[in-house]
Amino acid sequence: MGNFKKYWWKLLGCVLVAFSVVMSFTTPLAAGVAEVTPTTTKKGKQLITIKGYNAHFKSGHNRFWLTGNHHTTLIPGTIKEIINENLIKVEFDIPEQLPSNNLALAVQSREDGGAVLEAAVFVSDASILAGMTTAIQMPMDQKADHFTFPFKNILYETIRNLNFHVTMWFALIGCMLISMIRSIQHLSSIEGLKHDRSANEGVRVGLLFGFLGLITGSVWARFTWGAWWVNDTKLNGAAISVLIYLAYILLRNSISEEQKRARIVAVYNIFAFVMMLVFIMILPRLTDSLHPGNGGNPAFSNYDLDNNMRMIFYPAVLGWILIGAWMINLRSRMSHINFTIHNHE
Amino acid sequence: MNKKIAATFCLLLGFILNASAADGMEEVMFHSGKIYTFLVVAFIVLLGTFFYMFRIDKRLVKMEQDIEQMVKRSKR
Amino acid sequence: MIVARELKALIKKEILLEVKNKTAVSGILLYAVATIYVSYLSFRQITDLPAWNALFWIILLFASFNVAGRSFDKEASGREVYLYTLAGPVSVILAKTLFNALLMMILGMFSFICYAVLIGTKPLIHTDYSMFVIAVLIGSMGFASILTIIAGIAYKTDNNVGLTAVLGFPVILPFLLTLIRFSKNALDGLSWSVNGSYLVVLLLLNVVVWVLGYILFPYLWRD
């Protein structure tokens, strides 16, 4: 088809988004440790109940340890009772001396790979001998033998949201970048208002993605962090960026003369884009480095993205940016046709 | 036509997945059988949206050609 | 350099106008004193430190909306137009920004003194005063810089009365939040090693806005 050169990136966008949707729904989560009871215990022989997620405790290929001191001090566990695939009772003989009070629980499975629950058990009456190590170094990097998404304790299945919520923000930045380029083109060209119209449509499509990002983020936050909104730099920055672009639309509506409007709005657009980048990307990095990350919240901005996750996430980001660009393209052409018809009469 | 394709797809998917699963995985399969149906539904919605956008695109191409004709004719 | 010469002349002109006319300065001083006095009458003494901090910055924020928002009002009069055909747009925006920043810094210090006298310094037990003064100065400068360029954009529209506030509010918000956190830490007496990064953020935002104004203002001024 002769038109393929024009269509290829639109088709690519569709394919990538479809791919990410399919993979996001069908990839299972890696096995992980959901809960450990009791959380406080004493030294000696202790029976610990371990609740797993997506685990296969019945397979007999699982080994358990209590570890401390960066996984070098290991207390192996003996399996006492397997209740079901995800619930098991393991006995540990906790010695007198430990490198620290807080022990992590580690599982190794031949099929499911390794999983760790940090600070799982607090030993109240052990004496601390700092720097204690054993000769055994447990291999922690063993991966599952099938394609999985990483297991994160607070997120569980919602980690799939990465491919839908975060992609919205990337699509927002992509759309606003296109809009800013059109604004720059308008300022540096002598011809009419074509670039200005494209910039306008770019902002509108970008705002759609911005609102979707805010709403999906809010819903996600409510059910993982417990609140619809948190006072976090990145969230505030994102909300303010949407406000800045709403102000763009307001500015457009407050100037009546076309040429002047296009010029002023183009200047504001460039200003808004730079401020958006500062607020969304630079400020969170500067201010979050001031408070060390909240212990139990892995979802803020520093994901240790699994390589598997990356394989789905990056194509999804590119796909949604292309879809956004396609929407801008469609709307710009509609706007141009509208303009041509009205000015022709 | 769409429904037939969707049904065949579900059936094939079910067979393929069952054939490759070991017995220990049966619980996961059973659990995720429902997710595959949901996925197909979501996928249909997604494909429908993309086809709609393609239709708009094609219509716009036609409109742009018509306008070019109109502008040319009026310039003569 | 030509720009520097124009700059000096423009700033001198603004300062002379102010000294003679006193409209802007007196208006803003009156505004600040009035709001502080009203707060005094409502609250008497504020003993809660976060509230003390927040109220101070809210008063200063709205005072700066007045200052910078009015900085382009005088353009309407004809005699200004002649001057601006001589000077380049870069000098105009830099002169206005510097003048507003200077004005705001003086106003900020004055407000701080009034505020401390009226509302009291009871909660200020461990305060690092030098750090807080720096916060007031950098904060005033930042408010002035951001609002000057926004006023420049709003001046060109048809209804620029409330537009400066609407356009300026989202842009000022992160700056304000960081400023409040920085000054709160200063009031609590935290050390520079902890607080210094916030100051870097404030300075960064200032610099970004200056650079953007420097690059973009000529396009606005083409009329």
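What follows is calculated from the coordinates using simple rules that are stated; it is not laboratory data. Please read all numbers here as calculations on a predicted model, not as lab measurements. We place every Cβ from the backbone using ideal geometry, glycine too, and count neighbours over all the protein chains shown.
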query = What is segment C:1-61 by shape, rounded, prolate or oblate, if you read a ≥ b ≥ c off the alpha carbon gyration tensor as root eigenvalues and call it rounded for a/c under 1.5, prolate for a/b larger than b/c, and oblate otherwise?
reply = oblate
ask   = So if we plug the beta-carbon distance of A:Asn231 and A:Val22 into 1/(1 + (r/R0)^6) with R0 = 45 Å, what FRET efficiency do we get, rounded to 0.05?
value = 0.80
key: Calculated FRET value between A:Ser256 and C:Trp192, using beta carbons and R₀ = 41 Å, to 0.05   = 0.20
ask   = What residue among A:Met168, A:Met23, A:Met176 shows peak mean-square fluctuation when chain A is described by a Gaussian network model with Cα springs under 10 Å?
value = A:Met23
inquiry  = With viscosity set to 0.890 mPa s at 25 °C, what whole-number translational diffusion coefficient in µm²/s follows for segment A:15-66 from Stokes-Einstein and a Kirkwood radius over Cα pairs?
reply    = 173 µm²/s
inquiry  = Suppose the chain between A:Ser124 and A:Ile249 were pulled fully straight at 0.36 nm per residue; how much longer would it get relative to their current alpha carbon spacing?
reply    = 38.9 nm
query = Say each of C:Glu18 and B:Lys75 gets a label point 7 Å from the Cα, pointing the same way as Cα to Cβ; how far apart are those two points in nm?
reply = 5.7 nm
Helical contribution to [θ] at 222 nm, DSSP H n ≥ 4, -39,500 (n - 2.57), averaged over chain A, rounded to 500 = -16500 deg cm²/dmol
remark   = If each part is reduced to its alpha-carbon centroid, segment C:3-17 and segment B:55-74 end up apart, in Å, by 56 Å
ask   = Efficiency by 1/(1 + (r/R0)^6): what FRET value for A:Glu81 and A:Glu35, r their Cβ-Cβ distance, R0 = 22 Å, to the nearest 0.05?
value = 0.85
inquiry  = With angles folded into 0 to 90 degrees, how steeply does helix A:258-277 sit against the dominant principal axis of chain A? Use alpha carbons for both and round to 10.
reply    = 10 degrees
remark   = Checking C:Arg181, C:Arg70, C:Arg44 against a Gaussian network model of chain C (alpha-carbon springs below 10 Å), the top fluctuating residue turns out to be C:Arg44
task = Considering only A:Glu91, A:Glu201, A:Glu191, give the residue with the highest GNM mean-square fluctuation for chain A, with springs between Cα atoms whenever their separation is below 10 Å.
result = A:Glu191
key: Helix axis angle, A:194-224 relative to chain A longest principal axis, alpha carbon, degrees   = 20 degrees
query = So what is the diffusion coefficient of segment C:126-180 in µm² per second by Stokes-Einstein at 25 °C and 0.890 mPa s, using a Kirkwood Rh over Cα pairs?
reply = 199 µm²/s
query = Which pairs in the list A:Lys5/A:Lys152; A:Lys5/A:Lys234; A:Lys5/B:Lys75; A:Lys45/B:Lys34 are over 32 Å apart, alpha-carbon to alpha-carbon?
reply = A:Lys5/A:Lys152; A:Lys5/A:Lys234; A:Lys45/B:Lys34
ask   = Which whole-angstrom value gives the distance between the alpha carbon centres of segment A:21-66 and segment C:204-221?
value = 55 Å
Centroid-to-centroid separation of segment C:156-186 and segment A:202-235 [C-alpha atoms, Å] = 22 Å
ask   = What does the convex hull of the Cα atoms of the protein assembly as shown come to per residue, in Å³, rounded to a whole number?
value = 229 Å³
